Amino acid sequence: MADLAPATHFTPRPVFVFDNPRSRSHLFFRWISTSPKLAPIHHAFMMASLLGPDRFTLHTRASPGRKQQTQSAVAPFCGDETHETCRTQLAQHVLNAHEKSLIPFVNEHCVLAFKHEDMFPLLRGTRDSYRHFTNSTHIPDDFFKIIKPVLVIRHPILVVDSLCRAIEQEGSKPAPAEEDFEAITTLKLSRHLFDGFCSQGRKPLVVDGDDVLWKTAAVGKAVCEYIGINADELSETWTPYPAHERPTANAYAYEWTKVVWESDGIHRPAEKPEEPELEKYCAIWEASYGSEAGVALKALVLKNMPHYEYLSQFKIGGPLQDKPMMTPSSNIGADYFSLTRGEEEEGEPWDIHRQDSCTPF
């Protein structure tokens, strides 16, 4: 693999955006990429984690029928891309940026960034706590140690609903009871990264994807200050990538990323939508996909809400955005954790103390 040692001397440091599908993360990434100081590096591990021989869907506990369905769907688009080749390509992109005095600006969905041997124990609750945060991603260790992390989140109701509509447009039905669906929508991985980075004194910047539409100036200012670039150089409009620069060779992967390549700016609805109400959406889901799927989708939202509420405290504009340590005053859900300073000497990791009412993280 190419040597990433020069990257450790970047000032400002490289930025890595961790997000979930359907969280407006591509819009966010494309918008911030309008800065002339950044070198955008799109989906560092997608081809390996989504379509490679070690793709994450091979490691789920999905039902046999679901596994056959998912593997049949991607089979025509699968290749031999491995995480090692993706790391080599990432290293080359980073070094190219370094040579141009640009800041590497990388993104990846959490489900594709995490190693499956770490991701699934977290999702299944078999890995219920940690003391020393380690790199659970495919990012090279030397690069992971120096990145400035950004987390993009969105209300679970809106993520789930958007994903269901996207699946329906493809002619399929959502399968919310299956593990691959949960892996795509979960905020538990983002929560794990947030707590872990904070334990190292590297508090991530948290962005709500919908705030890109409705709090654009505030988000742009905070993101640019965090990265170390000038917010005045951002643009809410841009020219779509020309057809010859779009990675259309793999139609399946392109569908996951086409907002990055085809969008031309931030387009807002005439009015800001009201806060989503779960029961209203549940009624729509049950009517569209059946009562069983509707119940499963509701359960998935409820499972993610504690993580969303927790992370929302620290998002741009949130009440704890500028707090250096996490000291929430109340238990906000069954999966809630508080991160407090332990008795160890300065510089040692923080302890994560589970509340008595908590279920495993």
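Readers should treat all values here as calculations from the given coordinates under stated rules, not as data from a laboratory. Bear in mind that the values here come from a model prediction, so they are computed numbers and not experimental data. Counting neighbours? That spans all protein chains shown, and the Cβs are built from the backbone with ideal geometry, glycine included.
Once both labels are modelled 7 Å past Cα along the beta-carbon direction, what's the residue 80-residue 313 spacing in nm?
5.0
For the range 60-178, what is the convex hull volume of its Cα atoms per residue in Å³?
170
Restricting attention to the range 74-158, which GluC sites (Glu not before Pro) occupy a DSSP loop and are surrounded by at most 16 other Cβ atoms within 10 Å?
none
How many percent of all Cα-Cα pairs in the range 185-245 sit more than 20 Å apart?
Value for the range 185-245 (Cα pairs over 20 Å): 48 percent.
Between residue 101 and residue 217, what's the calculated FRET efficiency when r is the beta-carbon distance and R0 is 22 Å? Round to 0.05.
Result of the calculation: an efficiency of 0.20.
Loop only by DSSP, 12 or fewer other Cβ within 10 Å of the Cβ. Give me the GluC sites (Glu not before Pro) in the range 214-320 that pass, ordered by residue number.
Numbers: sites: 225, 233, 236, 245, 255, 262, 271, 274, 277, 279, 286, 292, 309; in loops: 236, 271, 274, 277.
Sparse-neighbourhood loop GluC sites (Glu not before Pro): 271, 274, 277.
Return 252, 310 ranked ascending by Cβ neighbour count within 10 Å, so the fewest neighbours appear first.
Neighbour counts put them in this order, fewest first: 252, 310.
In nm, to one decimal, how far is the residue 225 label point from the residue 241 one, both placed 7 Å along Cα→Cβ?
The two pseudo-label positions are separated by 3.2 nm.
Bin by bin, in steps of 10 Å, what percent of the Cα pairs in the range 45-91 do you find, going until the bin that has the longest distance?
29, 49, 19, 4
Which whole-number percentage describes the relative contact order of the range 92-160, with Cα contacts under 8 Å and a sequence gap of 6 or more?
22
Past 19 Å, Cα to Cα, is the threshold; run 215/315; 203/298; 188/221; 67/188; 188/298; 100/258 against it and keep the listed order.
Values: 215/315 12 Å; 203/298 31 Å; 188/221 27 Å; 67/188 23 Å; 188/298 17 Å; 100/258 26 Å.
Listed pairs above 19 Å: 203/298; 188/221; 67/188; 100/258.
Evaluate the charge dipole of the range 88-209 about its Cα centre and quote only its size in Debye, nearest 20, assuming +1 on the Cβ of each Lys and Arg and -1 on the Cβ of each Asp and Glu.
That gives the range 88-209 a dipole magnitude of about 500 debye.
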